[in-house]
Amino acid sequence: MARVTIAEQYLTAPAPVRHMPEEGTEPRVAQTLVESEVLLDGDPSKNLATFVTTHMEPEARAVIADNLHRNWIDHAEYPRTAEIANRCVRMLHHLFHGDGEPEAPGTATVGSSEAVMLGALAMKWRWRTAREQAGKPTDRPNLVYGADVHVVWDKFCRYFDVEPRQVDLAPGRYTVGPDDLRPHIDENTIGVVGVVGTTFTGECDDIAGIDAMLAELRGQGLDVPMHVDAASGGFVFPFSDPDFAWDFRLPSVRSINVSGHKFGLVYPGVGWLVFRDEHQLPEELVFYEDYLGERDATFTLNFSGGSAMILAQYYNLIRHGRAGYASMVRAMEANASHWPGSSTSTGRWRSSAASRACRS
Ligand SMILES: Cc1ncc(COP(=O)(O)O)c(C=O)c1O
């Protein structure tokens, strides 16, 4: 018999906000309550602030829905999922002009923040090992970057006890180059950060200039690696500007992070860390465990985690291909080209012409 009292169950009592209710409720009541709460949020499809993906096609959503219950870390139980994550890493390594065919030169992450933490930890470990081998002190590591970085870099420094050497931006500029960073680098520098697509304007640091400066330092006996934070740019510039060398074509670039959930066109929950080669990942950072059925190696901050967005990334890579991603970037550029004209009338906006700035 149909229930006729359902309205009273969710229209007459306040939503539980502090204590878990003693008794449960009907699925539809719980669903309606959750959905009516988020109805008051902003509409994701109109959210331009985080540049995170808000639309995927039905087939991609089917891949996601069908795999929500698959724990990515359980490689013993889900070896094909692990293989698909590795395929994505290999494709990105190739897209970023990595040399050779390393088996697993990186890892899937929850987003760029986790990828940044892991990439920066690898730099810290490599620096420490080199210092120990040289019989030098290891108690004062620092990391050099411009004030145009995302807050995750300050977070890394605080969480992992590294001195942040954040360099101010020159007036009227929103990126940094070699002359800005060079005075802050010394033998305690674990690495420098270059941003390809800053959070604020989408512009790029002078990665080639920083690379040349680091090459000069190498010539003087100081090997300082560069990590490129390509959270946004990593899925843009390979397609819009294939000749723009910001990646492993530059010898100082040892690791790169990119957000799958930004211009990788996947819903929130996936990022990637890609190393130039296997030597960039210190063995001490890889943990081995065997409680999920076989001996397994992990290099992540999280243990359990979703597989759906990783599988959706692979779906996108093979579904769109390079041509599809290039088309997406062209479409964005076409839309962006309307922005200055349509907005200057208010006098409140200025176009940073980000992609042109990165090209020059
Ligand atoms: C340049 C840059 N780095 C890192 C991040 C952090 O990325 P995520 O939100 O994927 O953790 C962002 C996010 O906007 C970013 O723009």
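Tabulated data for the structure shown
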| read-out | value |
| --- | --- |
| Qualifying residue in the stretch 308-320 (condition: assigned to a strand (DSSP E or B), closer than 22 Å to Ala82 by Cβ, in contact with a strand residue (DSSP E or B) (Cβ under 8 Å, 6 or more places away or on another chain) and among the β-branched types (Val, Ile, Thr)) | no |
| The stretch 114-136 residues that are in contact (Cβ under 8 Å) with a residue 40 or more places away in the chain, paired with ones that are within 15 Å of the ligand (Cβ to nearest atom) and β-branched (Val, Ile, Thr) (beta carbon under 6 Å, 6 or more apart) | Ala115/Thr109; Val116/Val152 |
| All positions within the stretch 264-284 that are under 19 Å from the mean Cα position of the chain (by Cα) and either within 16 Å of the ligand (Cβ to nearest atom) or assigned to a helix (DSSP H, G or I) (or both) | Gly264, Leu265, Val266, Tyr267, Pro268, Gly269, Val270, Gly271, Trp272, Leu273, Val274, Gln280 |
| Pairs, first closer than 17 Å to Gly264 by Cα and more than 16 Å from the ligand (Cβ to nearest atom) in the stretch 37-54, second at pLDDT 85 or above and not in a helix (DSSP H, G or I), C-beta under 7 Å, six or more apart | Ser45/Thr54; Ser45/His55 |
| Residues (surrounded by 11 or more Cβ atoms within 10 Å (Cβ to Cβ) and assigned to a loop (DSSP other than H, G, I, E, B)) located in the stretch 36-48 | Asn47 |
| Residue match in the stretch 233-245 (condition: in a loop (DSSP other than H, G, I, E, B), crowded, with 22+ Cβ neighbours inside 10 Å, small (Gly, Ala, Ser) and within 11 Å of the ligand (Cβ to nearest atom)) | no |
| Qualifying positions in the stretch 257-298 - surrounded by fewer than 19 Cβ atoms within 10 Å (Cβ to Cβ) and touching a Leu at 6+ places or on another chain (Cβ under 9 Å) | Pro282, Leu285 |
| In the stretch 130-150, residue farthest from the ligand (Cβ to nearest atom) [restricted to those that are closer than 27 Å to Gly177 by Cα and small (Gly, Ala, Ser)] | Ala130 |
| Inter-residue pairs, beta-carbon under 8 Å, first within 20 Å of Val274 (Cα to Cα) and in the stretch 290-304, second loosely packed, with under 11 Cβ neighbours inside 10 Å and modelled with pLDDT under 80, 6+ apart | Asp296/Asp290 |
| Conditions (1) touching a Leu at 6+ places or on another chain (Cβ under 8 Å); (2) surrounded by 11 or more Cβ atoms within 10 Å (Cβ to Cβ): number failed by Leu33 | (1) |
| Given (1) surrounded by 12 or more Cβ atoms within 10 Å (Cβ to Cβ); (2) more than 20 Å from Gly98 (Cβ to Cβ), number of the condition Ala334 does not satisfy | (1) |
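Per-residue answers, yes or no, for (1) within 12 Å of the ligand (Cβ to nearest atom); (2) surrounded by 19 or more Cβ atoms within 10 Å (Cβ to Cβ); (3) part of a loop (DSSP other than H, G, I, E, B):
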{"position": "Val195", "(1), (2), (3)": "yes, yes, no"}
{"position": "Thr201", "(1), (2), (3)": "yes, no, yes"}
{"position": "Ile210", "(1), (2), (3)": "no, yes, no"}
{"position": "Leu214", "(1), (2), (3)": "no, yes, no"}
{"position": "Arg218", "(1), (2), (3)": "no, no, no"}
{"position": "Leu222", "(1), (2), (3)": "no, no, yes"}
{"position": "Val228", "(1), (2), (3)": "yes, yes, no"}
{"position": "Phe248", "(1), (2), (3)": "no, yes, yes"}
{"position": "Ser255", "(1), (2), (3)": "no, yes, no"}
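Condition check ((1) within 16 Å of the ligand (Cβ to nearest atom); (2) more than 22 Å from Pro268 (Cα to Cα); (3) over 21 Å from the mean Cα position of the chain (by Cα)) across all residues:
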| position | (1), (2), (3) |
| --- | --- |
| Met56 | no, no, no |
| Ala65 | no, no, yes |
| Ala76 | no, yes, yes |
| Met91 | no, no, no |
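The values are calculated or read from the model by the stated rules, or taken from the named source; none is laboratory data. Every value quoted in this text rests on a predicted model; they were computed, and no experiment measured them. Reconstructed Cβ throughout: ideal geometry from the backbone, glycine too, with neighbour counts over all protein chains shown.
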